[in-house]
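This report concerns only the one structure given below.
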Amino acid sequence: MIAKRHPVLVTGIRPADHRAMNSSIPYPAHVAALKPYVPGLPISAVAARSGLAADRIVKLASNENPLGASPRALAALSSAGIDLSRYPDSDCAALSDAIARFHDVPREWIVVGAGSESVLGNVAACLLEPGRSTSYAQYSFQAYVNAVQKLGAHSTVVASPDFTVDLEGLAGSILPSTSLVYVANPGNPTGTAVDPDALKSFLGRVPPHVVVLLDEAYVEFLPPDRRGDSVAWVREHANLVVTRTFSKAYGLAGLRVGYGIAQPGLADVMRRVRSPFTISEPAQVAAIAALEDQDFIARTVAATRQGRTALVEGLASMDCQCLESHTNFVLADVKGGADFARRLEQHGLIVRPVASYGLADWVRISIGTQPEIDRLLEVAGAGQPARG
Ligand SMILES: Cc1ncc(COP(=O)(O)O)c(C=O)c1O
């Protein structure tokens, strides 16, 4: 049943792209309807376009760690003596052990992937087929859309009128055909978080045959009082998988490592579905060391909080409001995201327009170092009409 107060915005699959459909290759309609994922612009592309040297470009478009990679991970990589002629350990045994110890769960509960994006897709592949459907909130991470669409399944998108996940609406959107619900906490591109008690009670309302994927890519940035014990929830719910990543707080986006935590039944199916050998040996070695680098995580979180306050205050002084963020980025209403991003790009600053989410006035800006934030505010302020 669909809750009336919380309208479902979209249900179904996207219409096919007829250029692809007219090809002599008979692509399935749901494949022809796929759109490529659009990432933040790479530094090299902006350097080529702007004529600026690559080291003058500041990328604040993909929520990476401005402090760099975990120092322990870098040290482990340089001393590991990895033999690149060998396949990596497909089962990621040592890394799975380390993650299991970190969360105090059995190793069988851990499924590692090449970034948590691959784990999100892997869970979809375990559950979806044409005729089945998935629910998620408006303004959810764009990778969910493609993960669902490429399997020919339907998406039900629940409105987020206040930019936070409407858990009541999401529970109400579950249909007999629903197999999977995605919830990101905190969310991307909004940066907003839901109340942990509300999330816990939502999990209790989801029927046991519907899997909930709780995407915690930014969990390290949540203040302790806003953080639920998601691993304890996995112990209570055989239909819950929690995903985490080494790409954000740990600073290892370039190595592609993420993982899911689920009870053995679901985890076993995820292991059967995933591709072998996708997590390289350097990635496994670095991730093990990064997990031990909790000092680096604490430094990252503290620097992010400080930088975020400076950025939000600076933007507010230009009449650009930000949503309350619990992540390493902010979503800012700059009254024209594409123009703002273009103007910044001319000065070597890359931010992320979000018109593809239906937010044409907004941009998403990752929290950089203090000098990077100062530079962004200076360039953004220079384009403002004089006040007073
Ligand atoms: C909400 C969310 N989930 C998952 C991911 C995937 O990250 P990765 O594949 O690097 O682990 C991202 C990346 O930006 C994200 O924003």
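The values are calculated or read from the model by the stated rules, or taken from the named source; none is laboratory data. From a predicted model like this one, the values you see are computed outputs, not experimental measurements. For neighbour counting, all protein chains shown are included, and Cβ atoms are generated from backbone atoms with ideal geometry for every residue, glycine included. When the accessible area is computed, the model is the full protein with side chains, heavy atoms only, and any ligands, DNA or RNA have been set aside. Shrake-Rupley method; radii C 1.70, N 1.55, O 1.52, S 1.80 Å.
Miscellaneous remarks
- Mean ellipticity per residue at 222 nm, deg cm²/dmol - from DSSP H runs of n ≥ 4 across the chain, formula -39500 (n - 2.57): -11000 deg cm²/dmol
- Net +/- balance of residues flanking Ile288 in space, Cβ distance below 12 Å, scoring K and R +1, D and E -1: -3
- According to the Kirkwood relation over distinct C-alpha pairs, the hydrodynamic radius of segment 71-293 is 17.7 Å.
- Note: segment 299-365, Cα convex hull, 88 Å³ per residue.
- Taken per residue, the accessible surface of the chain reaches 45 Å², heavy atoms only and a 1.4 Å probe.
- The portion of the accessible surface of the chain made up by carbon and sulfur, rounded to a whole percent, is 55 (1.4 Å probe; DNA, RNA and ligands excluded).
- Förster-model FRET efficiency, 41 Å R0, Ala310 and Asp89, C-beta, rounded to 0.05: 0.45
- Here the Kirkwood formula, the inverse mean of 1/r across different C-alpha pairs, assigns the chain a hydrodynamic radius of 21.8 Å.
- Relative packing of peptides 123-130, 372-379 - highest average C-beta neighbours within 10 Å first: 123-130, 372-379
- One decimal place: the segment Ile82-Lys335 gains 86.1 nm when fully extended, by the rule 0.36 nm per residue minus the C-alpha distance.
- By DSSP, the beta bridges lying fully in the chain are antiparallel in about 55 percent of cases.
- HN-Hα J in Hz across segment 251-259 - Karplus 6.51, -1.76, 1.60, θ = phi - 60°, x for Gly and Pro: x, 10, 4, x, 9, 6, 9, x, 7
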